[in-house]
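The values are calculated or read from the model by the stated rules, or taken from the named source; none is laboratory data. This one's a predicted model, so the numbers in the text were calculated from it and none came from an experiment. In this analysis, Cβ positions are derived from the backbone assuming ideal geometry, glycine residues included, and neighbour counts consider all displayed protein chains.
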Amino acid sequence: MAREMVSHLPQAEAPPSVPVKFNKDGDEKKSNWRVPPEKLEALVGAAALTHPRVTFYEVAGSRVTTERLQELQVTVRDIARTHGFPQPMSKAAVSDFDREVALLLYRRMDILTADAADERVWSFLSLVLLPDVALWRYPNPEHRSDYERLIGRPRNVFRRLWWRTHVLGTAVTARIGEDQAVNIVERPRAFGDPRVARYVAQRLLDAIDASPGVKVDALFRDSAKRLLRLFTFVGASALSDDELVDLVDEVIDHSVRFLRAAEEAKSMEEATGRKEAKSKKGAKDGEEPEMDQHAESLPEELGEQLRDVDSSDTQAPIPPLQPEPSEPAPVQEPHRSESLFDLEADTATAASPSPVAPSEFSISTSPPSTRVVDEPSDEPTGGLLGAIRRRVRGRGR
């Protein structure tokens, strides 16, 4: 039934003064399409306070009256007209309209979360009670019957505002904008707990006030991504208040420092680009940079100095440099460590081969070994353990 009602709503049209744009698939972009003001005014008269297919809970203690519905209808329309209805809404007015309507719905409707989770409640508001305001806020440029902004799904024009206020609280909702709220409210896996969502949003708003050079949307987006990755393996709902404060503050501080560094790097890059562009423009106009002119004058100055040196008779000849006799470096004995466990130098020295390859005619000057070749040894003679045993045996002597 809701989809059928959406299909009967007026269609959005392209503004006549805006040039046509196309996306990467070659289709015409319709993001700037709006419903003509005269059609929205006609839709005001088609709105109603009831519908033949309206139902109520059989066990409901009370039912909403037509007087309360009419009061809500009039108040929302007054807010819309304050922000330009039925003319197209400016980008600056979007956030203000959403904040005011969100607070109004949450305070005036006085419903339970079970009612707020029912699609039929929000389909009634956007298609029966306030279709003119709903279509003004989201014109449905593709004219889809399943447009989720008009039917009662989670992204419904009024449903998302009520749930935003319920999750973030009235104080945060009064300050936060549309794009900032989306980064938190539409990520229930990380911010499904209202306690977590409220503190993150409040802490981000405080960080914006303390960091005027940081962009609001960039900080919300970067911090939300960091927390989303972190809360994948950290149960935010299981953290105490102090643990949550420490964790969120650390993540947001990292985001602030990262964005500041990125802005500084961008500014330096732009300054370098402007300097290079100015240099190229000067070279194109025939102007040489100061460094190049100075470099061209250097050889002439050096030539004059050399001519003055050649013409001088009092200049004593400089004797040629004689190489100093080199003395052989003293032979140092290998240092032996006194520590039982500092065996790296001894082991490396014992294991390193001789720098001179032995000749087949060389004569050995070492005394013959007294150990019998075929006699097995019960002590290791090589490796780290052998070096330790040799060190201990030497100290015993």
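Structure above, values below:
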quantity: From Leu205, Leu219, residue being within 15 Å of the chain's Cα centre (by Cα) and surrounded by 13 or more Cβ atoms within 10 Å (Cβ to Cβ); calculated: Leu219
quantity: Boolean, Gly213 is in contact (Cβ under 8 Å) with a residue 40 or more places away in the chain, in contact with a Leu (Cβ under 9 Å, 6 or more places away or on another chain) and not β-branched (Val, Ile, Thr); calculated: yes
quantity: Any helices (runs of 4 or more DSSP H) falling wholly within region 84-144 and containing at least 2 residues that are farther than 18 Å from Gln11 by Cβ; calculated: 91-109, 113-116, 119-124
quantity: Per-region count, region 190-202, residues surrounded by fewer than 17 Cβ atoms within 10 Å (Cβ to Cβ) and either of a type in the set (S, T, N, Q) or in a helix (DSSP H, G or I) (or both); calculated: 2
quantity: Single match in Ala236, Ala210 (criterion: surrounded by 12 or more Cβ atoms within 10 Å (Cβ to Cβ) and either within 30 Å of Trp162 (Cα to Cα) or assigned by TED's automatic domain parsing to the domain that holds Arg153 (or both)); calculated: Ala236
quantity: Candidates Leu49, Leu43 - the one that is more than 21 Å from Trp163 (Cα to Cα), surrounded by 14 or more Cβ atoms within 10 Å (Cβ to Cβ), assigned by TED's automatic domain parsing to the domain that holds Arg144 and more than 45 Å from the chain's Cα centre (by Cα); calculated: Leu49
quantity: Answer from Arg53, Arg3 - the residue that is modelled with pLDDT of 85 or more, out of contact with any Ser or Thr (no Cβ under 9 Å at 6 or more places or on another chain) and within 18 Å of Asp118 (Cβ to Cβ); calculated: Arg53
quantity: Every residue from region 90-112 that is of a type in the set (Val, Ile, Thr) and either out of contact with any helix residue (DSSP H, G or I) (no Cβ under 8 Å at 6 or more places or on another chain) or within 16 Å of Ala171 (Cα to Cα) (or both); calculated: Val101
quantity: Of all residues making up region 108-121, the number that are under 14 Å from Leu69 (Cβ atoms) and either of a type in the set (A, V, I, L, M, F, W, C) or not assigned by TED's automatic domain parsing to the domain that holds Asp98 (or both); calculated: 3
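Residue-wise test of (1) closer than 16 Å to His254 by Cα; (2) in the same structural domain as Leu104 (by TED's automatic domain parsing).
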{"position": "Pro154", "(1), (2)": "no, yes"}
{"position": "Arg160", "(1), (2)": "no, yes"}
{"position": "Pro188", "(1), (2)": "no, no"}
{"position": "Phe191", "(1), (2)": "no, no"}
{"position": "Ala197", "(1), (2)": "no, no"}
{"position": "Asp206", "(1), (2)": "yes, no"}
{"position": "Asp222", "(1), (2)": "yes, no"}
{"position": "Leu227", "(1), (2)": "yes, no"}
{"position": "Leu230", "(1), (2)": "yes, no"}
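Quick grid of which residues meet (1) more than 26 Å from Ala47 (Cβ to Cβ); (2) at pLDDT 90 or above; (3) assigned to a loop (DSSP other than H, G, I, E, B):
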| site | (1), (2), (3) |
| --- | --- |
| Val157 | no, yes, yes |
| Thr165 | no, yes, no |
| Phe233 | yes, no, yes |
| Asp246 | yes, yes, no |
